[in-house]
Structures are given as C-alpha cells and as structure tokens.
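The values are calculated or read from the model by the stated rules, or taken from the named source; none is laboratory data. Every value quoted in this text rests on a predicted model; they were computed, and no experiment measured them. Cβ: placed from backbone, ideal geometry, glycine included. Neighbour counts: every protein chain shown.
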Amino acid sequence: MGLFDRLKGKLGGLFVEGEKVNDEFYDELEEALILSDAGAYLACEIVEELRKRCKKESVKLRQDARAVLRGQLTELLESAGSRDMDLKTRPSVVLVTGVNGAGKTTSIGKLAARLTGEGRTVLLCAGDTFRAAAADQLEIWAGRAGCGIIRQQEGADPASVLFDAVNAAKARGVDIVLCDTAGRLQNKQNLMNELNKISRVLDRELPGCSRETLLTLDATTGQNGLAQVKGFSEVAGLTGIILTKLDGTAKGGVTLAVARETGVPVKWVGLGEQLSDFAPFDPVGFVEAIV
Ligand SMILES: Nc1nc2c(ncn2[C@@H]2O[C@H](COP(=O)(O)OP(=O)(O)O)[C@@H](O)[C@H]2O)c(=O)[nH]1
Ligand SMILES: [Mg+2]
C-alpha cells in the first residue's frame, strides 16, 4: 500500500495494455485531468506536451505513454523548487498559515512529533489567539508530540506570544519554534499587519534566523486551493505547502496546478487525523499513484 493509493482514480485507468495512443486517448486524458482538479488550462498544456514527447520518442502504446507522462508530471512537481526545510539556526522558526479548518493546528502537532522523533527539541507557539479553544487544541498536540508550548490569554497579540516563545526557546536552547496563526485571509490587510508584526519580532529577537512560512492547503478544496496559495503567497511570502486531507480525496490534480502556477513546493502531506498521518511529499510516489 502506497501513501497515495487513495488517489488512484480515472487517470490510472486510461493506460490499458496493448491499446494505442490516439486522439481519443488524449481527449480522455484531458478530461480525466480536469476531473482531478488540475484545471482546464493546465490539463490542455499537459496533454500537448505529452503529445510532443510521445511523438519524439515514437511512443505508440498507452502503457508506454504512462512512463512518459509520469516523467513529465514528476518534472512539473519538482520544478516548484526544493522541498528541504531550512532549519539551520537554533532556534529556527516555522510559521504555519492557512484558512480556518485547513489543518494548521493538526499539522503543527504532526510536524512537531516528527521533529522530536528525529531528536530535535520543539516549542509550540499558540499564535492563533482568536479563540481560546485554538490554544487548548494546540496544547493537546504538544502533549502528544512531547514538546513545550507557549500561550497567552484569548485575544492576545500573536506577535507578543511569538516574542515569548522565541525568548523561551533561546533560554531553553530549543531547536525549532512552530508557530500557529489565526489565518484570516478574508481580511487581507489584517493578516498582513499581523504577519508583518511577527516578522519584525523575528528580525529583532532572532536576526538572520532560519524561517519557513508554510501554508496548509486542504486537498479537498480543489481549484479554490490555487487561489488560496496565490493569496497567501502575496501576503506571507510562502516557502512551502503542507497539503492536508489527501486521505479524503481522489483528486490530486490541484497539486499539479499549484506547482505549475505558483512555484511554491509542497513539502509535507497530511493523510489523516492521527499523529503519524504525515509524511514528506514525494513527487515520484505521488505521480505513480495518480497516473
Ligand atoms: N482526514 C484528515 N483530516 C485532517 C487532516 N488534517 C487536519 N484534519 C482535520 O481537519 C479539521 C481542522 O483541523 P485544524 O488543525 O483544527 O485546522 P485549523 O483551523 O487550520 O487549525 C480537524 O477535524 C482535523 O482533525 C488530514 O490530513 N486528514
Ligand atoms: Mg487551528
């Protein structure tokens, strides 16, 4: 069982042994890509490129076109840049943004568990101060992941919570601070102000520190996800994506669209609600599952 088996859908069914590559095949492929949320524009682009490659390599059979398409889509995903996390300095800071319900708090818990499992020390920062329940939820995850948490009262300034977290991290020699945020993209100006303030705290308290700004993107939101990546990119300067809820969809196409149109790499995937339902994104495994 591969990580992405849930994504095996219509696309994979097109590569029937012994059948020829013809116009009908390309039409079916384009339709399947659109149904998988790749978007009409990208679906067309992928099919045109595949036509070119198959012609150049004299590919006649669908089973052989599969390998060509896999190579092509893997290249597309890898073109979004490095999936490594920049966590060189002690402490490093990872900000996690995303719309409500996308899986920020859950992903922070899972990432924390993974990092502590690798022997790093982690401190969570309850930067979503919008609701008290958000910090409570993060505290439960801190317990599961075996790491500390810094929180303040509901309504506190997120930048002030991060100030506390960074100074606690320095005092305790913690490797990585993972910071939750409230992520209200509905009000861009507000979010921008909040993130700018957070950024200023980091510049002042941890000049030159390694920073990641990750967006949690719910894989089940389809093409709307693309708009979220663009919106948050503009406001927050994203360094990567955590693609959540991949267990809940057979449509992986938005991942292709995000890579092609935003160039922000998917670094992690969420595959369920449990601590261990989390993995680094693997383009080769992903493409093998969808094609
Ligand atoms: N199936 C599934 N559910 C997830 C995943 N990640 C988060 N969730 C669920 O999505 C809901 C919202 O998650 P939460 O972390 O609170 O989102 P936040 O508002 O962005 O902090 C919760 O019920 C989570 O259990 C995932 O990868 N798969
Ligand atoms: Mg949350």
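Inside region 6-53, can you point out the residues that are farther than 15 Å from Lys251 by Cα, not β-branched (Val, Ile, Thr) and not in a helix (DSSP H, G or I)?
Phe15, Glu17, Gly18, Glu19, Lys20, Asn22
Of everything in region 116-145 that's within 9 Å of ligand 1 (Cβ to nearest atom) and of a type outside the set (A, V, I, L, M, F, W, C), which residue is modelled with the highest pLDDT?
Here the residue is Gln137.
Can you run down the residue pairs with Cβ atoms below 6 Å, 6 or more apart or on separate chains, where the first is in region 170-184 and modelled with pLDDT of 95 or more and the partner is of a type in the set (Asp, Glu)?
Note: pairs meeting the criteria are Asp180/Asp128.
Among the numbered conditions (1) in contact with a helix residue (DSSP H, G or I) (Cβ under 6 Å, 6 or more places away or on another chain); (2) away from ligand 1 (no atom under 16 Å from the Cβ); (3) assigned by TED's automatic domain parsing to the domain that holds Arg131; (4) not acidic (Asp, Glu), tell me where Ala113 comes up short.
With respect to (1) in contact with a helix residue (DSSP H, G or I) (Cβ under 6 Å, 6 or more places away or on another chain); (2) away from ligand 1 (no atom under 16 Å from the Cβ); (3) assigned by TED's automatic domain parsing to the domain that holds Arg131; (4) not acidic (Asp, Glu), Ala113 is out only on (2).
Conditions (1) over 12 Å from the mean Cα position of the chain (by Cα); (2) buried (at least 23 other Cβ atoms within 10 Å of the Cβ), marked per residue:
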| residue | (1), (2) |
| --- | --- |
| Arg211 | yes, no |
| Leu215 | no, yes |
| Glu234 | yes, no |
| Thr239 | no, no |
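Do you know which residues across region 100-110 are farther than 12 Å from Asp180 by Cα and more than 6 Å from ligand 1 (Cβ to nearest atom)?
Lys110
Among the residues in region 77-95, are any β-branched (Val, Ile, Thr) and away from ligand 1 (no atom under 16 Å from the Cβ)?
Scanning region 77-95 turns up at least one residue that is β-branched (Val, Ile, Thr) and away from ligand 1 (no atom under 16 Å from the Cβ).
What strands (runs of 3 or more DSSP E) completely inside region 227-284 contain at least 1 residues that are closer than 26 Å to Gln189 by Cβ?
Correct list: 240-244.
Pick out the one residue from Gly248, Gly222, Gly263 that is over 14 Å from the mean Cα position of the chain (by Cα), surrounded by fewer than 22 Cβ atoms within 10 Å (Cβ to Cβ) and modelled with pLDDT under 95.
Result of the check over Gly248, Gly222, Gly263: Gly248.
Taking region 98-121 on its own, how many of its residues are in contact with a Cys (Cβ under 9 Å, 6 or more places away or on another chain) and either among the aliphatic types (A, V, I, L, M) or not in a helix (DSSP H, G or I) (or both)?
Result for region 98-121: 5.
Sort out for me the strands (runs of 3 or more DSSP E) sitting completely within region 122-204 that have 3 or more residues that are within 16 Å of ligand 2 (Cβ to nearest atom).
Qualifying strands (runs of 3 or more DSSP E): 176-180.
Going residue by residue through region 46-64, is there one that turns out to be under 19 Å from Phe286 (Cα atoms) and either in contact with a Ser or Thr (Cβ under 9 Å, 6 or more places away or on another chain) or surrounded by fewer than 17 Cβ atoms within 10 Å (Cβ to Cβ) (or both)?
yes
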